[in-house]
Amino acid sequence: MNRIQISKPDVTDVEKQAVMEVLDSGFLAQGPKTALFEEQFAALCDVKHAIAVSNGTCALQVALLANDVGPGDEVITTPFTFMATVNAILFAGATPVFVDIEDETFNINADLIEKAITKRTKAILPVHLYGQMCEMDRLQSIAAGHGLRLIEDACQSVSASYKGRMAGSFGTGTFSFYATKNLMTGEGGMITTNDDETAEKCRMIRSHGMKQRYYHERIGYNFRMMDIQAAIGLAQLGRLETMTTRRSENARYLNQRIEAVTRPTVREGRGHVWHQYTVQVNGGRKRDDAVRQLNEAGIDVGIYYPVPVHKQQSILGLIGDVHMPVAEKMAMEVMSLPVHPLLSEEDLATIVKEVNKL
Ligand SMILES: *Cc1c(COP(=O)(O)O)cnc(C)c1O
């Protein structure tokens, strides 16, 4: 039986040809394709600068360092995210401070942030989960009111918007182009900013702290992108609107027909890009039973995320015992159904039929 996959990289001849051109060009590492990808990505996000890096985790780490986040600093973030968000904070030497999420959007609850601010708080790092942006008006005014940096984890939300403004344009933006993301380069990442100084720091940290080759003004990494990745990214950028429209159409189809579980909530003024179509299995029923039943029917289901970050073994000893009731509940109830652009009409009909049997 043909399984319906939860995600599938959307690769066409355009990507294939773009990679072959780079291989023939002699420029395999960071070169002209990367520069062009940065320019076009900055235009997409409506920002002055975009800095390409090796992956989304690097983007987060560089963004934190370029915002001078380091030892002794606290960074307010969500416990309901991929571990990379928090690993980046920890590797910058800072302390993550968790604030619980909203139960409808699964994003950080802006009402709870001010209570978590201390003298050590340096930045707020919201995650635009599943393709829907956070409550940015509130986050911006809290950040401005307390003199905090705002760093967006937009790894799941390329081309998402809030009241007409693009993800990654509110503070320092970070993106991932991992194979399953809405725009993919296999591995890859990007940082976006309107601030000249932040952009320059990011470029230096990406490449051993150099502006001029072999003159090292600060400590840096090798977090560069390859032109092979950038070429795939450029091809994907050219098709992003089409791919995002497909995701939206698939989500609309599911929204109009799914009854048996709680459908996703889209807030007023949000341009949702449907990285995931995430429903809640509740009312006394068990999510894991639902997942098993769908798997048996040939449908792959994702659980993002089964364990909230503050309960992960790797950091329990670092942060002590914190309780985030909404995140902990959602970790038990959410499941993501396939919504990617390569689903057929028959796949969508099967998903609806099987979900409504739950
Ligand atoms: C994918 C992802 C990342 C990390 O990106 P990589 O490219 O895999 O390093 C970070 N945060 C979130 C929310 C993600 O979904």
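The values are calculated or read from the model by the stated rules, or taken from the named source; none is laboratory data. A quick note: this is a predicted structure, and the numbers were derived from the prediction, not measured. Neighbour counts run over all protein chains shown; Cβ positions are idealised from the backbone, glycine included. Heads up: the accessible areas ignore ligands, DNA and RNA and are worked out on the full protein's heavy atoms, side chains in. Shrake-Rupley method; radii C 1.70, N 1.55, O 1.52, S 1.80 Å.
Okay, here's what the table says:
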{"quantity": "Considering only region 1-155, percent of DSSP beta bridges that pair antiparallel, nearest 5", "calculated": "10 percent"}
{"quantity": "Candidates per chymotrypsin sites (Phe, Trp or Tyr not before Pro) in region 201-245, loop by DSSP, up to 13 other Cβ within 10 Å", "calculated": "Y214, Y215"}
{"quantity": "In order through region 210-220: 3J(HN,Hα) via Karplus (6.51 cos²θ - 1.76 cosθ + 1.60), integer Hz, x for Gly, Pro", "calculated": "9, 9, 9, 4, 6, 10, 9, 8, 8, 7, x"}
{"quantity": "Sites L318 and D13 - FRET efficiency at Förster radius 35 Å, r taken between beta-carbons, to 0.05", "calculated": "0.15"}
{"quantity": "Choice from G186, G209, G145 showing the highest fluctuation, given a GNM over the chain with Cα pairs closer than 10 Å", "calculated": "G145"}
{"quantity": "Amide H partners (placed H, <5 Å) of R149, local residues excluded", "calculated": "A123, I124"}
{"quantity": "Region 65-131-region 172-216 distance, computed between alpha-carbon centres (Å)", "calculated": "20 Å"}
{"quantity": "Loop-resident sites, region 186-219, for trypsin sites (Lys or Arg not before Pro), counting at most 12 other Cβ within 10 Å (DSSP)", "calculated": "K211, R213, R218"}
{"quantity": "Set of region 342-358 residues, backbone N closer than 19 Å to the point 7 Å along the Cα-Cβ line of E296", "calculated": "350-358"}
{"quantity": "Those aspartates and glutamates that a straight Cα-Cα span of less than 12 Å connects to K201, excepting residues fewer than 8 apart in one chain", "calculated": "D68, E217"}
{"quantity": "Accessible-area composition of region 239-355, carbon plus sulfur, in percent [1.4 Å probe]", "calculated": "48 percent"}
{"quantity": "In sequence order, calculated HN-Hα J values of region 314-320 (Karplus, 6.51, -1.76, 1.60; Hz; x Gly/Pro)", "calculated": "5, 10, 3, x, 8, 10, x"}
{"quantity": "Gyration tensor (alpha-carbon) shape descriptor, the chain, a/c threshold 1.5", "calculated": "oblate"}
{"quantity": "Within the chain: Cβ-based charge dipole about Cα centre, in debye rounded to nearest 20 (Lys, Arg +1; Asp, Glu -1)", "calculated": "240 debye"}
{"quantity": "CD proxy at 222 nm, helix term only [per DSSP H run n ≥ 4: -39500 (n - 2.57); per residue of the chain; nearest 500]", "calculated": "-12000 deg cm²/dmol"}
{"quantity": "Those aspartates and glutamates that a straight Cα-Cα span of less than 19 Å connects to K357, excepting residues fewer than 8 apart in one chain", "calculated": "E259, D288, D289, E296, D300, E333, E345, E346, D347"}
{"quantity": "Share, in percent, of DSSP beta bridges within the chain that are antiparallel, nearest 5", "calculated": "60 percent"}
{"quantity": "Nonlocal amide H pairs with N107, under 5 Å, H built at 1.01 Å", "calculated": "E102"}
{"quantity": "Per residue value of the accessible surface for the chain (all protein chains in place, 1.4 Å probe), Å²", "calculated": "44 Å²"}
{"quantity": "Most to least packed among 322-328, 121-127 [average Cβ atoms within 10 Å]", "calculated": "121-127, 322-328"}
{"quantity": "For I4, residues with placed amide H under 5 Å, excluding near neighbours", "calculated": "I299, D300"}
{"quantity": "Calculated from backbone phi, Karplus (6.51, -1.76, 1.60) coupling profile of region 21-29 in Hz, x at Gly/Pro", "calculated": "4, 5, 4, 7, 7, x, 9, 9, 7"}
{"quantity": "Percentage relative contact order, region 239-355, counting C-alpha pairs under 8 Å, at least six apart", "calculated": "38 percent"}
{"quantity": "Given charges at Cβ of Lys, Arg, Asp, Glu: the chain dipole, positive-most of V266, A327, C134", "calculated": "A327"}
